[in-house]
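The values are calculated or read from the model by the stated rules, or taken from the named source; none is laboratory data. Note that the structure is a prediction, hence the values are computed from the model and not measured. Don't worry about glycine lacking a Cβ; one is built from the backbone with ideal geometry, like all the others, and counts go over all protein chains shown.
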Amino acid sequence: MRITSPLVVKLLYLAAVALLLMPLAWLSKPPTTDVTGTHRSAGGKLAQLRDAHGLSQADLGEIDPTSEAIKLATLGMRGVAANILWSKANEYKKTEDWTSLSATLEQITKLQPNFIAVWRFQAWNLSYNISVEFDDYHDRYYWVMRGINFLREGIPYNEKEPRLLYDVGWFISQKIGRSDEKELFRQLFREDDEFHGSRPLAERDNWLVGKQWVRRAERLVEQYNVPVKGMRPDIFYSYAPLCQISYAEALEEDGFFDEKARRAWRRAADEWLAFGQRPIAIGADRTMRLEDFPRYQKQLAILQKRFDELIPEGLLDRIRNERIEALPVDEREALKNPEASYDPAQRRLAEAARAKLTITGHQLAERIDGPQREEAIRLADELGEVDTLVRLMRGSRDAVNYVYWKTRTQAEQTDNAILGRKYLYEGDQAFFEEADPETAKTLYEKGLDHWKRLFEEFPSLKDDGLLGDYIVDATHRYRDVLHQLDEPFPDDYPLQDIVDRFEIPSEDE
């Protein structure tokens with residue numbers, strides 16, 4: 001018998017496979033336990049690695065027997081099967097076969113229960129894309145909630161993943177509270193006993209429920225010390241207090257201007273301040289508090305003054321002149337030309353020259369002679385650290401609009417804000433529902449007067465586009481009332497500066 005005969009080759013292959021199965025079996029051996037649940041064996045190397053890094057199914061979340069059976073049934077082809085199902089899901093969406101789509105999504109989650117992109121992508125698809133395909137708002141609401149519940153179904157299988165909890169809060173707050181149908185959606189959400197269960201009616205506002213889910217995500221981050229992938233910590237932690245702010249705004253949109261609204265704004269101010277005092281990670285071992293920004297700004301100014309006092313007069317200019325002399329001729333010439341005349345090549349040369357002329361505090365300190373040199377180097381190092389922290393804090397505060405919301409939540413608690421909104425709301429009712437322009441005029445003037453006083457107390461709010469649009473719309477309605485009464489619009493209108501800033505000119509102007 002020849003060694004190359006087909007039968008011999010097949011036998012050799014079978015022997016090789018059998019030999020390979022032995023180390024594979026050893027590597028993939030599962031851990032075993034006795035009837036009492038006590039571990040008798042840690043299992044093979046793969047099982048030990050999964051256990052060490054928290055990657056076993058039990059560490060990630062609940063174990064679904066159906067899901068595990070389907071994974072085994074694919075015989076190692078789970079990725080291929082998942083891709084086929086994703087293609088089918090997209091096809092069912094195009095053909096508007098919603099029943100088949102729902103069934104396919106269920107199958108995908110059985111194959112990939114720990115892949116959170118499945119839950120997030122398809123939940124967005126259900127709540128944001130499919131819901132708009134329907135005309136009746138009841139049907140749209142059903143699919144919005146289908147997406148939210150789809151996210152909730154994924155949470156037990158991903159118990160250490162805060163993003164799913166956060167997304168539930170985001171969908172409940174934003175999709176229900178910001179949609180074109182928000183008034184109808186918010187009402188349907190309050191009446192949704194299936195979703196809320198025994199939750200009291202007073203606690204069923206979508207903004208409050210959304211905030212609760214986001215708080216759960218926060219607690220999960222703190223419990224397991226896990227980052228929120230794809231999201232900055234300052235943005236993540238700002239959202240719960242922003243939900244409280246939106247709840248206070250929604251109360252007044254619904255016509256509540258009593259102590260309930262004031263309490264809501266007071267709590268929003270407290271939660272925003274608590275966010276500003278929360279330590280936020282800015283590295284592996286450093287944190288910052290946004291509320292500490294003024295203190296660090298002051299510290300930076302003091303350090304800078306002490307450092308400047310140590311720098312000999314003329315040293316900065318001398319170093320700069322040395323560097324200018326060392327520049328290549330083309331870079332030196334580019335600096336002499338006005339920036340407006342630069343072509344792309346000259347701009348690159350000028351930028352390279354400016355980078356070479358940048359003098360750091362540490363470079364200055366190194367050029368000091370005498371006993372002050374060591375102190376200057378120490379101050380330069382401290383200045384660099386504090387300056388970096390100040391820049392990070394400034395960027396973070398800008399990203400979450402920290403100062404604006406702190407001022408806004410304080411202002412909205414005042415009588416001028418509460419009464420200003422109350423009188424304008426009642427003026428709208430008198431004008432549009434009761435057809436009583438005389439009463440509407442009186443109410444509008446009271447409300448606008450309170451807004452004038454509010455802007456005098458909080459002048460920075462004059463730059464707020466949202467409030468600006470609110471005042472512009474109220475002014476238009478006040479103008480319409482005066483027109484019906486054949487009365488002129490006042491030349492000394494107290495909020496004209498805000499109208500001039502935010503009013504969009506009509507096409508006829």
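Data overview
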quantity	calculated
Among residues of segment 388-441, those that are farther than 23 Å from CYS243 by Cα, among the small types (Gly, Ala, Ser) and without any contact (Cβ under 8 Å) to a residue 24 or more places away in the chain, counted	2
Single residue of segment 181-224 satisfying the filter (of a type in the set (Lys, Arg) and in a loop (DSSP other than H, G, I, E, B)) that is surrounded by the fewest Cβ atoms within 10 Å (Cβ to Cβ)	ARG199
Residue in segment 435-449 that is hydrophobic (A, V, I, L, M, F, W, C) and closer than 30 Å to ARG232 by Cβ present	no
Which numbered condition PRO156 misses (of (1) within 24 Å of ASP205 (Cβ to Cβ); (2) assigned by TED's automatic domain parsing to the domain that holds ARG219; (3) modelled with pLDDT under 95; (4) part of a helix (DSSP H, G or I))	(1)
Residue check, PHE121 over 25 Å from SER238 (Cα atoms) and part of a helix (DSSP H, G or I)	no
Hits in segment 330-368 - residues which are of a type in the set (Asp, Glu) and either part of a helix (DSSP H, G or I) or touching a residue at least 24 places away in the same chain (Cβ under 8 Å) (or both)	ASP330, GLU331, GLU333, GLU339, GLU351, GLU366
Of all residues in segment 469-501 being among the charged types (D, E, K, R) and outside any helix (DSSP H, G or I), the one that is farthest from LYS446 (Cα to Cα)	ASP486
Residue in segment 187-200 that is of a type in the set (A, V, I, L, M, F, W, C) and within 17 Å of the chain's Cα centre (by Cα) present	no
Residue that is surrounded by the fewest Cβ atoms within 10 Å (Cβ to Cβ), among those in segment 159-180 that are among the basic types (Lys, Arg) and not in a loop (DSSP other than H, G, I, E, B)	ARG178
Count of segment 263-300 residues which are closer than 18 Å to GLY384 by Cβ, assigned to a helix (DSSP H, G or I) and within 18 Å of the chain's Cα centre (by Cα)	0
Filter result (under 21 Å from the mean Cα position of the chain (by Cα) and within 16 Å of GLU183 (Cα to Cα)) within segment 125-144	VAL144
Single residue of segment 247-260 satisfying the filter (among the small types (Gly, Ala, Ser) and surrounded by fewer than 21 Cβ atoms within 10 Å (Cβ to Cβ)) that is nearest to ASP415 (Cα to Cα)	GLY255
Condition broken by ALA117, with the remaining ones in (1) closer than 25 Å to GLU222 by Cα; (2) surrounded by fewer than 19 Cβ atoms within 10 Å (Cβ to Cβ); (3) in contact (Cβ under 8 Å) with a residue 24 or more places away in the chain satisfied	(3)
Number of the exception - LYS88 against (1) more than 25 Å from ILE148 (Cα to Cα); (2) at pLDDT 75 or above; (3) among the charged types (D, E, K, R)	(1)
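Rundown of residues vs (1) over 30 Å from ASN416 (Cβ atoms); (2) among the charged types (D, E, K, R), yes/no style:
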{"residue": "LEU251", "(1), (2)": "no, no"}
{"residue": "ASP258", "(1), (2)": "no, yes"}
{"residue": "ALA261", "(1), (2)": "no, no"}
{"residue": "ALA268", "(1), (2)": "no, no"}
{"residue": "PHE275", "(1), (2)": "no, no"}
{"residue": "TYR296", "(1), (2)": "yes, no"}
{"residue": "GLU309", "(1), (2)": "yes, yes"}
{"residue": "ILE324", "(1), (2)": "yes, no"}
{"residue": "PRO328", "(1), (2)": "yes, no"}
